[in-house]
Structure formats: C-alpha cells, structure tokens
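Data first, discussion second: the structure below is written as structure tokens.
None of the figures in this text is laboratory data; all of them are computed from the coordinates on show. Keep in mind it's a predicted model, so treat the numbers as computed, not measured. Cβ sites come from the backbone with ideal geometry, for glycine too, and all protein chains shown count toward neighbours.
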Amino acid sequence: MNNKKAFIFDLDGVIVDTAKYHFLAWQKIAKALNINFTHEHNELLKGVSRVRSLDIILELGNVQASQEDKDKWLIQKNEDYLSYLVDMNESEILPGVFKILQLLKEKNQGIALGSASKNARPILEKTGILSYFDVIVDGNDVTNAKPDPEVFLKAAQLLNISPEDAIVFEDSVAGVQAANIGKMTSIGIGSKTILHEAQYIFKDFTSMDIQFIKSLIAK
Ligand code: B16
Ligand code: MG
C-alpha cells in the first residue's frame, strides 16, 4: 500500500502571521475612506482574496466606488503590504511549523502550499522554506476563491494524490470548508469556536504531536 499523502498548507495564519500586515495595510485604505475597520473586521478577510477583501471593507462603510478607484486602492494596499514584508525572515515562521515540515520531508510525504495570496512565493523565499514545497498553488493559479476547493484540488492533483489522501492545514473558516467540500481531511489551526467545522483542531503546531502526523500518514 502506498502511504504517501498530500499535506497542503495554507500560508497566512498557518505558516506565517501576515494577517497583522494585511490589517495595517487595509486600515490605511479604510482610514482614508473614513471607514471604521477593526481587528474584528479583519477576521472577515482571512482566506479571502484581495479583491473580495476590498469589497467587504467598502460594504462595511457603505461606500460605492468606481472600478478605477478600486483598482487604485488595490495597488496602494498591496504596495503598502509588501513594504512590511521587506525585512521578513525565518523568525516569522510560526512556532512548530518547521518541525512538521522536516518530519514530512523525512517521511517522503507530498508537501504543497494552497493559498489565496498572490504574494506567496516571495514570502516562502524570504522565510527560507520554499524548497520544502513540492507544489505551490496560490492566488495566481485559481479562479474560484475558498470555500471553493479549487486551490486544494489543484495542489493534490499536481502531487498526483487523490483528494481523500490529502490533509489540509487551515486557519480560516472558508479554507476549512474548502477542504471539507473537496473531501479532504481538514485540520483547523486556531480557535475551536471559530473552526468547529474542521475534523481536527489545534491551537497551533506546537500543540500537535508527531504521533498525530504519523497516524495520518499511516491511514
Ligand atoms: P494577497 P491565505 C490570504 O492568504 C489571506 O488570508 C487573506 O487575508 C488575503 O487577503 C489573501 O491571502 C490575498 O492575499 O493580497 O497577498 O494576494 O490565508 O489563503 O494563505
Ligand atoms: Mg489563512
């Protein structure tokens, strides 16, 4: 029996905490438009594409805008977001992630990235973990956003592994739903209350033991 599985990692909120930088960049746009944008609102943007994120913020402030303005703000937001990533290095990898990546490599498992972000590659490069990934599927490669499972199905397909043998690590509700819809094993990373639809939930990777990963490989 072939025990090779596809382990698919979301990026923001799973491998690195870039949500704080997205927040700062969106907050600047919101402030300029007189929209009240809080940390709570920021939760709504997790796992959501850049374009949809702007629409959510405009809806919060009841602001109507032309496509031209929206395009301008999307560029401004991304330029500002990228400025926070300039000094990014391996210290920004979330606790426990490295250990899991190493274990999966040792066990010859398929490792993929499945992220909505269009900035995924430079983030993996800057944090020094790009070489761990056999496959990268990000916001540049998909047309349907999570909870559509396209991003994860593509990753499993590129690894040549069936969806039933894929395990997804996700911090967003939409991402957990995408994994479930794709008939994959969903592992929520974060709050039990928020991610209750996941098959397994861990606060972070430090609370996940090696035995658990080994049991997923053996299934
Ligand atoms: P970008 P993930 C998502 O990444 C973020 O959670 C979400 O907040 C962001 O809007 C989206 O990427 C797009 O990011 O502006 O870099 O293309 O969680 O799917 O890894
Ligand atoms: Mg995420």
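Based on DSSP, what percent of beta bridges with both residues in the chain are antiparallel, to the nearest 5? Antiparallel bridges make up about 5 percent of those DSSP assigns within the chain.
The distance from the alpha carbon centre of segment 42-60 to that of segment 168-214 is 22 Å, rounded to a whole number. Taking only Cα atoms and a 10 Å spring cutoff, compute GNM fluctuations for the chain and point out the largest among ASP138, ASP165, ASP12. With Cα springs under 10 Å in the chain, the top fluctuation among ASP138, ASP165, ASP12 is at ASP165.
Based on the alpha-carbon gyration tensor of the chain and its eigenvalue square roots a ≥ b ≥ c, which shape applies: rounded if a/c is under 1.5, prolate if not and a/b is larger than b/c, or oblate? Note, shape of the chain comes out prolate.
Length gained on full extension, SER162 to LEU44, computed as 0.36 nm times the residue gap minus the Cα-Cα distance: 39.4 nm. Structural size metrics of segment 1-83, computed from C-alpha coordinates, are Rg and Dmax of 15.6, 59 Å.
What are the lysines whose alpha-carbon lies under 19 Å from the alpha-carbon of LYS118, with same-chain residues fewer than 8 places away excluded? Of all the lysines, those that pass the test against LYS118 - Cα under 19 Å, at least 8 places apart if same chain - are LYS20, LYS46, LYS70, LYS72, LYS77, LYS126, LYS146, LYS154. Label zone (LEU74, point 7 Å along Cα-to-C-beta; backbone nitrogen cut-off 13 Å) within segment 111-125: 118. Note on SER66 and ASN108: their simple-model spin labels are 6.0 nm apart, each label 7 Å out from Cα toward Cβ.
Pull out a ≥ b ≥ c, the square roots of the eigenvalues of the alpha-carbon gyration tensor of segment 60-184, then state rounded if a/c is under 1.5, prolate if not and a/b is larger than b/c, and oblate in the remaining case. Taking the square roots of the gyration eigenvalues as a ≥ b ≥ c, segment 60-184 is oblate.
Who wins for biggest fluctuation among ASN89, ASN34, ASN78 in a Gaussian network model of the chain, springs between alpha carbons below 10 Å? In the Gaussian network model the winner is ASN34.
Taking a ≥ b ≥ c as the square roots of the eigenvalues of the alpha-carbon gyration tensor, segment 32-80 is classed oblate because a/c is 1.5 or more while a/b is no larger than b/c. Take every Cα pair under 8 Å whose residues are at least 6 apart in sequence, average their separation, divide by the length of segment 133-174, and the relative contact order is 33 percent.
Each Cα pair under 8 Å and six or more residues apart adds its separation to the average, and for the chain the resulting relative contact order is 25 percent. Cβ crowding within 10 Å, taken as a proxy for footprinting-reagent exposure, orders TRP73, TRP26 from fewest neighbours to most as TRP73, TRP26. Here the Gaussian network model covers the chain, with springs between Cα atoms less than 10 Å apart; of LEU101, LEU60, LEU130, LEU60 fluctuates the most.
Loop-only trypsin sites (Lys or Arg not before Pro) in segment 82-164, please: DSSP not H, G, I, E or B, and at most 16 other Cβ atoms within 10 Å. For trypsin sites (Lys or Arg not before Pro) across segment 82-164 that sit outside H, G, I, E and B with at most 16 neighbouring Cβ atoms in 10 Å, the list reads LYS107, LYS118.
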